[in-house]
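Colleague: Here it is, the structure, as structure tokens.
The values are calculated or read from the model by the stated rules, or taken from the named source; none is laboratory data. These numbers were taken from a predicted model, which means no experiment stands behind them. Glycine also receives a Cβ, built like all others from the backbone with ideal geometry; neighbour counts cover every protein chain displayed.
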Amino acid sequence: MLSPMKTLFVLLALVAGAFMPIQAGVNSRLRFMIGDPISAAMISFAVGTLGLAAYVIALRRPWPDSALFSAAPWWLWTGGLMGAFFVAASVILAPRLGAAAMMAWLIAGQLTASVFLDHFGLVGFALREASPLRMLGAGLLVAGALLVQHF
């Protein structure tokens, strides 16, 4: 049984996951309104940035010391680029694959990468062996994505 806090985190993950295909559909419609997928992704990211800025200002979150910025490894700055790539890719993929197939492939890619990251303890994740059952689970997601794509 999950603790109340873990249950809250699972529910948060479910809601965030549900927002992914909704966001892709909304951004895809924006793309058709303005005529360009990359511009739609940029607008989406700009609106998200403004929303986060308003949140930080409203909660009076302290800005990190500038020394922390220069001390950070270079790869810590790539998260925003990966997010921008994800949003742009979903804008392009959503109308071509449909919500279900797009999400199936995205989730299959996410889990496959996650098993790899856990196995090698990369980018701050704790080491968790890529056991045969974990690899089977990732493989089943790929098989599921194939089924969703073709049927």
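Colleague: Does segment 81-91 include one or more residues that are out of contact with any Pro (no Cβ under 8 Å at 6 or more places or on another chain), among the small types (Gly, Ala, Ser) and in a loop (DSSP other than H, G, I, E, B)?
Modeller: Within segment 81-91, none of the residues are out of contact with any Pro (no Cβ under 8 Å at 6 or more places or on another chain), among the small types (Gly, Ala, Ser) and in a loop (DSSP other than H, G, I, E, B).
Colleague: Given (1) surrounded by 17 or more Cβ atoms within 10 Å (Cβ to Cβ); (2) within 26 Å of Phe32 (Cα to Cα); (3) not assigned by TED's automatic domain parsing to the domain that holds Gly35, where does Ser90 come up short, assuming only one miss?
Modeller: (3)
Colleague: Also, I was wondering about something else. Contact list please: Cβ distance under 6 Å, first residue in segment 115-142 and under 23 Å from Met103 (Cβ atoms), second residue among the aromatic types (Phe, Trp, Tyr), pairs at least six apart or on different chains.
Modeller: Leu117/Phe125; Asp118/Phe125
Colleague: In segment 118-138, how many are within 20 Å of the chain's Cα centre (by Cα) and exposed (fewer than 15 other Cβ atoms within 10 Å of the Cβ)?
Modeller: 7
Colleague: Return a yes/no flag: does segment 46-53 have any residue that is in the same structural domain as Pro21 (by TED's automatic domain parsing), within 20 Å of the chain's Cα centre (by Cα) and surrounded by 13 or more Cβ atoms within 10 Å (Cβ to Cβ).
Modeller: Among the residues of segment 46-53, at least one is in the same structural domain as Pro21 (by TED's automatic domain parsing), within 20 Å of the chain's Cα centre (by Cα) and surrounded by 13 or more Cβ atoms within 10 Å (Cβ to Cβ), which makes the answer yes.
Colleague: Restricted to segment 60-86, and to residues that are loosely packed, with under 10 Cβ neighbours inside 10 Å and under 30 Å from Gly25 (Cβ atoms), which residue is nearest to the chain's Cα centre (by Cα)?
Modeller: Looking at residues that are loosely packed, with under 10 Cβ neighbours inside 10 Å and under 30 Å from Gly25 (Cβ atoms), I get Met82.
Colleague: Now for a different question. Would you point out which residue out of Ser28, Ser70, Ser3 is of a type in the set (S, T, N, Q), touching a residue at least 60 places away in the same chain (Cβ under 8 Å) and outside the structural domain of Leu127 (by TED's automatic domain parsing)? Give the steps one after another, and end with the answer.
Modeller: Details: Ser70 fails: touching a residue at least 60 places away in the same chain (Cβ under 8 Å); Ser3 fails: touching a residue at least 60 places away in the same chain (Cβ under 8 Å).
Every option except Ser28 fails the conditions.
Colleague: Do we have Gly144 as under 30 Å from Met33 (Cβ atoms), among the small types (Gly, Ala, Ser) and surrounded by 10 or more Cβ atoms within 10 Å (Cβ to Cβ) here?
Modeller: no
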